1. Could you say whether any residue in segment 682-704 is assigned to a helix (DSSP H, G or I) and hydroxyl-bearing (Ser, Thr, Tyr)?
2. Quick test of your reading of the structure: Gly418 fulfils all but one of (1) in a strand (DSSP E or B); (2) closer than 25 Å to Val156 by Cβ. Name the failing condition by number.
3. So which residues in segment 67-87 are open to solvent by less than 10 Å² (accessible area, probe 1.4 Å) and in a helix (DSSP H, G or I), if there are any at all?
4. Under the condition of being open to solvent by 40 Å² or more (accessible area, probe 1.4 Å) and β-branched (Val, Ile, Thr), which residue from segment 1-54 is modelled with the lowest pLDDT?
5. Taking segment 365-385 on its own, how many of its residues are surrounded by 13 or more Cβ atoms within 10 Å (Cβ to Cβ) and of a type in the set (S, T, N, Q)?
6. Have a look at Gln414, Gln389 and point out the one that is in contact with a Ser or Thr (Cβ under 7 Å, 6 or more places away or on another chain), open to solvent by 20 Å² or more (accessible area, probe 1.4 Å) and under 27 Å from Pro515 (Cα atoms).
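The values are calculated or read from the model by the stated rules, or taken from the named source; none is laboratory data. All figures in this text were calculated on a predicted structure; none of them were measured in a lab. Here the Cβ is made from the backbone with ideal geometry for all residues, glycine too, and neighbour counts use every protein chain on show. Heavy atoms of the whole protein, side chains included, go into the accessibility calculation; ligands, DNA and RNA do not. Shrake-Rupley method; radii C 1.70, N 1.55, O 1.52, S 1.80 Å.
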Amino acid sequence: MDFHIEKAYEAKKFEDKIYQKWEKSDAFTPKIDKKKKPFSIAMPPPNATGVLHLGHAIMLAIQDIMIRHHRMLGDSTLWLPGTDHAAIATQNKVEQFLAKKGKTKYDLGRKKFLQEVNKYVKNSQNIIRKQIRKMGSSCDWTRERYTLDKGLTNAVQEIFIKMYNDGLIYRGDRIVNWCPRCESTLANDEVEYKDAKEKLYWIKYGPFTVATTRPETMLGDTAVAVNPNDKRYKKIVGNKSMIPGPLGEFEIRVVADKRVDPEFGSGAVKVTPAHSFDDFEIAQKNDLPVKSVINEKGRMKKNCGKYAKITTLQCRKAVVKDLEKLGLIEKIEDYEHSLSICYRCGTPIEPLISKQWFINVDRTIIKDGKKKKSLKEKSIEVVKNKEIQILPSKFNKIYFNWMENLHDWCISRQIWFGHRIPAWYCKNCDEIVIRKEKPIKCQRCKSTEFKQDPDTLDTWFSSGLWTFSTLGWPKKNKDLKYFHPTSVMETGYDILFFWVARMIIMTTYALDEIPFRTVYLHGLIRDREGRKMSKSRPETCIDPLEMIEKYGTDAVRLSLVIGGTPGNDMRLYEEKIAGYRNFVNKIWNAARFALININKEDLKNNFEQSMIKSFADKWVLTELQKLINEVDRDLEKYRFSEAGTKIYDFFWSKYCDWYLEISKGEHKNPAVLLFVLKTSLKLLHPFVPFITEKLWEFLGEDQLLINERWPKSDKKLIFTEEAKTMDLIHNIISKIRSVRSELRVEPAKKIHAVIYAGKYIDALEQKREALMRLARLESLEIKDKGPKIKKAKAAFVDKTEIYLPLKDLIDLNKEKKRLEKDIGSKEKYIISLESKLKNTGFIKNAPKEVVEKSKTKLENEKENLKKLKKQITELQ
C-alpha cells in the first residue's frame, strides 16, 4: 500500500500529541445520559507534594484500564481527578525550604506562611497534572478537584457542623499520640513502629520492683497495677503507699488490672496515666489522679523540679543517675522492643493528655427521633452485607478487626495548613460557637469579640468525603445523583484503614449510602529481590517517569499490570519493562506488516462472513472469539493481569507468529487480516492506549479508537472443526521444529519429510506451501497412510505420523559414536548412584532430603539412558 508508516515505533514522538488529541475531542468528559449505565471512579488524589511514584503509577494504570474498557462498553464513564492538600506532609516541605533560608514559619506568621504553602501547592499541582497525563490517564480534567478548594471546604465545614449537632464530634481532654517534631497529634494508624534496642531499668519501688524503659515518666506516676488474680498482692489492692523517688517521696495507690502479666518481673507495673494509653485507661477505670510531666515540645514541665525544661532523653539519664545514688536501681538490661514513631518525620511518639476534637464512632445516632446504628456499626454492616465488596476478600477480616477496635478518632491537628476547625470562642466568656463564619454576637454574654480555633482538621477527615464532596455535595446536583455511589475504589492495601475505612464512615453517615461498590486493593511494588523500594537504597528504586522517557508509557503500564494480583506485592525491574517494550514494538511491526500488504480499497471494505476463505482464517477468527469471551470474564472479575496476558499471548503467538506467517503469499486474506488487527487493537487499547491509537490512525476509521465500541463475541465466527484442523497443522510444524532443535539442525538447512495424514490429507495439502515454508522443508510427501520408515526420526501429532529421514538431519556415524559415548558415561554414573543408595551408612546418616534427592536422580538418569538407547536403535 502506498502510504508512510515508520519502521519503528518511537513513543516519545507520538505520546504527547495523542494525549492532546484525546483531550480536545472531549473523550474524557462524560455526559449524563439516563439511558446509559454510569461507571465512575474517584481518583485517589496524589499529595500536593508533587512527585509521581510507582504507587501512583500502578493505581493510574489499573484505573485507566477500567475506565477505557467501560467507556468502550458504552457506559457513561467518569474518572474524576484531583489532589490532596496533605496537610502535615505539605507543611513540612515548606518548612524545610524555609529552614534552608534560616527561617521558620513563626518568622512569617500564619497568613504569610500559608501564602508560601499555597504557592508551593500551585506549582506542585502543575507537575502532578503533567505526570498523570504522562501515564495516559483518561480522566475528566473539567471536573478536577482539590481537597482545599472552596467547594470542598464548604463540604468539610458542613459535615463538621452536622456531626457536632448530632453529638458525634466533641472537644475533650484525652490521651493522644503526639509528635514533638511536627507539634501535632496523630491518629493511631498514622503511627509507625520500628525495632529499637534500649535499656530496661529495674527500679526498687517501695515494696515492689518495677521495670521500665522510661524512668523519666516516674515523675508522673500515680499508681502501681497488679493482676487481680495475683495472690501476692490481693490484700494490698486499694492501699496507698509512699514511694522513694529522685524528687523525694510520692504517693501511689495499688490497683488491679487484668492486663498486668503476673509472670513478668515482680508482677507489678508503674502507672503513668498522662503518658501511656494503657495507663490512661487504668486511671479512668480506677479514678486515679493524672499528672502530666512532659510538654508538647518533648521537654519536662515546670512541675518536674530540677529536671524542668530538659528533653525526655536528658531527663532519663539524669533520673537514672540520681536513682543509682539512692540505691534504687536493682539492675539494667539490654532490651529490644517496638518503638512508636511519627509516620511523617520518624520522631518517637510522645503520648500526652491534650484538649482535642474527636469523633465518637461508638455513639448511637439519633435521627428523626429514632435510634440508628453508630458510625462503627454502620461501617461494619455495609461490608458484612456485601453492599461493598473488598478484593481480595482476605482483607475483610483485617477491615472488621480494625473497625471493631476503633474508638474515638482524634480529628484536630496543631498545624497551620489545612481546613481550619469551624469553632469560635467568645473572648469574654469562652462560649463555643460552631459555624462557618465568625459569629456576630455571643448568645450568652452578647460580646462581639471572637477568636477561631487555631487547629486544623486531620487530612483524612476531608479526604474521607472525597467520593461525594467532589460531585457537589452538600448540593444535590445531577452529578451526585447520577455518578454516586461510585463504582470502584482502587488503591493500595496499605491505606485500607487510613482512607478507605474513613470514606465508608463519612459517606454512610452523610448520605446514608455507600461511597463505592467495590474496593480493589493492589499490592506494593518491590525490587527484583523482593525488597521494599526505599530512597535510602537508590539501587532499589525505579522512577516511573524515567522509565516512560526510556521505554514509553505503554511498556511501563504493561509491566505494572501483568503479573500483579489484588492484595499481593509485585516485583518490578528495568528488564521487565524493556521486555514489554519489545511487545509494544511487536504490535507496531505486526500492524505495519498488515498495512503494507493490503490495498487502499481493502480499508474501505467492511468485514463480512463471505470474505472468510481458509482454515487459517477460520482458526484465527475462532481463537479471537474465545479471547473476547475470556477477556470479558476476566475484566468483569477484575483479573487485569490474566486479561492482559491472554491478549498478549493471542497477539504475539497466534496472530503474529502463526496467522501472519501462514497468511503470506497466496494465503493472504486482507479482509480477515484487517478485521483481526482492528479487533485486537480494541482489546489492547485499555492496556496500551498510545500505540493502539496511533495505529488506528492508519486504518482510515472515522473516529478515535478511544471512542470505539468494545468487541462482542460472534457465534457465527466460531468454526470448531476447522480450528481443530488448523491446530493440528500448527502442532505438526512445531513438532518438526522441535526435532530440528533437538538434533541441532542448522536453521538454514532444508530437510525432507513424510507425513501420514489420515483424514487430514486434504487439509494438509491445502497448507502444503505454508508447511514447507514454516518447517523449512526441501520436499514433503503427504499420504493417507504407509509403513514405518527406517532410519528416520519419527514423531506423532494426534493420529498423524511424521517421518524425517536421518540422513538429512545428522551424520549417522558421528551421531552413533556420540550416543555410544553418552550411554557409557550414563551407565557408569547410574552404577555409582546405585552403590551409594545400597550403602547403609549413607542411608542412615545422610539427611532425609539428600537421600530422596539421590533416589530421584537415579530414576531420572535411568529414564535418560532409555532415551539414549532408543535413539541409537533408531539409527540401525
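1. yes
2. Unmet for Gly418, out of (1) in a strand (DSSP E or B); (2) closer than 25 Å to Val156 by Cβ: (1).
3. Those that are open to solvent by less than 10 Å² (accessible area, probe 1.4 Å) and in a helix (DSSP H, G or I): Ile67, Arg68, Met72, Ala87.
4. Only one residue tops the list, namely Val51.
5. Matching residues across segment 365-385 total 2.
6. That would be Gln389, the only listed residue that is in contact with a Ser or Thr (Cβ under 7 Å, 6 or more places away or on another chain), open to solvent by 20 Å² or more (accessible area, probe 1.4 Å) and under 27 Å from Pro515 (Cα atoms).
Matching residues to (1) open to solvent by 10 Å² or more (accessible area, probe 1.4 Å); (2) touching a residue at least 40 places away in the same chain (Cβ under 8 Å):
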site	(1), (2)
Ala223	no, yes
Asn227	yes, yes
Asn239	yes, no
Ile243	no, no
Val254	no, no
Ser266	yes, yes
Thr272	no, yes
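Okay, residues lined up against (1) modelled with pLDDT of 95 or more; (2) surrounded by 15 or more Cβ atoms within 10 Å (Cβ to Cβ); (3) of a type outside the set (D, E, K, R):
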site	(1), (2), (3)
Phe208	no, yes, yes
Ala211	no, yes, yes
Asp230	no, yes, no
Glu249	no, no, no
Lys258	no, no, no
Val269	no, yes, yes
Lys285	no, no, no
